[in-house]
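Chemist: Pasting a structure here, questions to come.
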Amino acid sequence: MVLLLAMAGCGGSPIDADTDGVPPAQATGTLRVLMPSYPASNEGKAAFAKVAERFNRIYPKMKVEPDYATYSNLNEKISTSIAAGIPYDVMVVGVGWVPPFAAKRIFADLSQFGVDGPALKKRTVPALAPTAMYDGNVYGIPLVADARAMALRKSAFRDAGLDPDDPPQTMAELKTAAEKLTRRNKAGTITRPGFDFHPGDGGSYRQIYLTLLKATGTSLYRGTEPNFDNPKGVQTLNWIKSMIGPTQVYGQVTASEDPMVYTGDAAMGVTGGAIDCSADGLGAENCDDMEYFLPDDGEPSEFVGGDIAAVGTRSKHSEAAWAFIQQLTQKGSLDELAELNQKLPAYADVQDSPQAKSNPLSHYLAAHLNDVAYEGGPVNWLDLRPKFDAKLSQAILGQKPSEDVLAELAEQSQSTVGGN
């Protein structure tokens, strides 16, 4: 994020002339689209081409130039484009990214296109609307939701004398069950974790932390203000610390990097966004042995990330950019995006989507999308996000008290930014 902040005020004039106010049939130039949602595969490019083709029916003289970025280089690409004076017209970013870019006036306020909070809630899952807003205004349209629940192996529960039809929900219940489910060899080495903290590989416990925190009825942030440096936040972090060692090795992950509960390598744990029950995937036997549930220590909590489309403030084609987003957010386009990424389309009736009906996990996740727990809040979130992972690990590994770690993170959650 340092690069972004340093370059946000720089940049020359775009190559194209301003097309805003020009009739669509007469507008010319290149619409630059930064699009990590479409994989740079033949399938991804073909799906993007369908959206571009529909856009060109409205803007026949404009060229659409896609940039199939990844989330690892997305921030750098946005910063570099601004510095070079050739900004993107449409940018797709992740949940938690809107406040940093809206605060720096890199994303356009969509009220100019008639989109406010109530309008947004009508076109998307209402609980996802805040992820596209900053300071009461709408700066993006959610495209797909990357949701995760928890799952248990029914056979493992029965073997341990537990009832798979009565999943644990509170942190105390989860810990008791996980300890009973953990298997060790004669040397005491864990051979099957009782709980898999996917994606805790590499020490990334940020998302499971905020999910469990939300399960206590406590969001990570209230607006841009930290809401975790309190007894609930300390309790949640100490609980994760108490689980690492007794029920799973720190940072454990399989070679495939898939959730370990999918194959029975863990008896219980965090899922991904979908599951392939076909013979070419995990198969019916594996799928039938799983039961899905949400942690609930006062409030059900389902982690949700996802993709959000925004119009760049430096665009000379903002009307065309909005027209492109209108095509991008048609149901058919979002259904293709969801299938390509194993995520859920972020339209209001998501439970009736093909993706939700395609597999039991996505079906469960779609039914609980209003129980969302999501990350982000402060305008320096992109700087703070990796620090969250590092500092939470300090507490989990016993290097620092949880209270100190959370206080440091709260202090670093700055709510102010500089000028344009």
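Chemist: Take T211, T313 and order them by how many other Cβ atoms sit within 10 Å, fewest up front. Present the calculation step by step, with values, prior to reporting the outcome.
Modeler: On the way: T211 25, T313 18.
Fewest-to-most ranking of T211, T313: T313, T211.
Chemist: Give K121/K214; K122/K331; K121/K331; K63/K122; K186/K400 a once-over and call out the pairs whose C-alpha atoms are over 23 Å from each other. Can you show the working numbers first?
Modeler: Values: K121/K214 21 Å; K122/K331 14 Å; K121/K331 16 Å; K63/K122 31 Å; K186/K400 32 Å.
Among K121/K214; K122/K331; K121/K331; K63/K122; K186/K400, the Cα-Cα distance tops 23 Å for K63/K122; K186/K400.
Chemist: Enter the per residue convex hull volume of the stretch 57-123, computed from alpha-carbon coordinates, in Å³ rounded to the nearest integer.
Modeler: Details: hull volume 9.8 nm³, N = 67.
Normalising the Cα hull of the stretch 57-123 by residue number yields 146 Å³.
Chemist: On a C-alpha basis, how far is the centre of the stretch 38-79 from the centre of the stretch 393-410 in Å? Whole number, if you could?
Modeler: 41
Chemist: Another question about this same structure. Label points 7 Å out from Cα along the Cβ direction at D389 and D163: separation in nm?
Modeler: For the pair D389/D163, the computed spacing is 4.0 nm.
Chemist: Further question on the same structure: Between M290 and residues 5 or more places away or on another chain, which pairs have amide H atoms under 5 Å apart, with H built 1.01 Å from N, and which residues are they?
Modeler: It is K154, by chain and number.
Chemist: Sticking with this one: Could you state the orientation-averaged shadow area of the convex hull built on the Cα atoms of the chain, in nm² to one decimal?
Modeler: Values: hull surface 81.5 nm².
It is 20.4 nm².
Chemist: With a 10 Å Cβ neighbour count serving as the proxy for reagent exposure, in which order, fewest first, do W322, W97 appear?
Modeler: Values: W322 21, W97 28.
Fewest-to-most ranking of W322, W97: W322, W97.
Chemist: Any idea what diffusion coefficient the stretch 148-302 gets from Stokes-Einstein, in µm²/s, Kirkwood Rh on alpha carbon pairs, 37 °C, 0.692 mPa s? Let's see the in-between values first.
Modeler: Details: Rh = 15.9 Å.
Roughly 207 µm²/s, to the nearest whole number.
Chemist: Within the stretch 315-338, what residues put their amide N at less than 12 Å from the label point 7 Å along the Cα-to-Cβ vector of K77?
Modeler: none
Chemist: If you take the beta carbon distance between L397 and A348 as r and set R0 to 45 Å, what does 1/(1 + (r/R0)^6) give as a FRET efficiency, to the nearest 0.05? Please report the intermediate quantities before stating the final value.
Modeler: Values: r = 43 Å, r/R0 = 0.95.
Efficiency, from the Cβ-Cβ distance: 0.60.
Chemist: Now for a different question. If each residue of separation counts as 0.36 nm, what is the full-extension length gain between E411 and E257 once their alpha-carbon separation is subtracted?
Modeler: Numbers: separation 154, 0.36 × 154 = 55.44 nm, distance 3.32 nm.
Taking E411 through E257 to full extension adds about 52.1 nm, to one decimal.
Chemist: Moving on. If you stretched the chain out fully between S155 and T70, how much longer would it get, using 0.36 nm times the residue separation minus the C-alpha to C-alpha distance? Working shown, then result.
Modeler: Details: separation 85, 0.36 × 85 = 30.60 nm, distance 3.84 nm.
Taking 0.36 nm per residue and subtracting the Cα distance, the gain is 26.8 nm.
Chemist: Counting only helical runs of four or more DSSP H residues, what would the 222 nm mean residue ellipticity of the chain come to if each run contributes -39,500 (n - 2.57) and the total is spread over all its residues? Don't skip to the answer; put the middle values down first.
Modeler: On the way: 16 runs with 155 residues, N = 420.
Dividing the helical sum by the residues of the chain leaves -10500 deg cm²/dmol.
Each value in this text was obtained by applying a stated rule to the coordinates, not by laboratory testing. Predicted model, so just to flag it, every value in this text is computed and none were measured. A quick note on method: Cβ atoms are made from the backbone with ideal geometry, for glycine too, and the neighbour counts reach across all protein chains shown.
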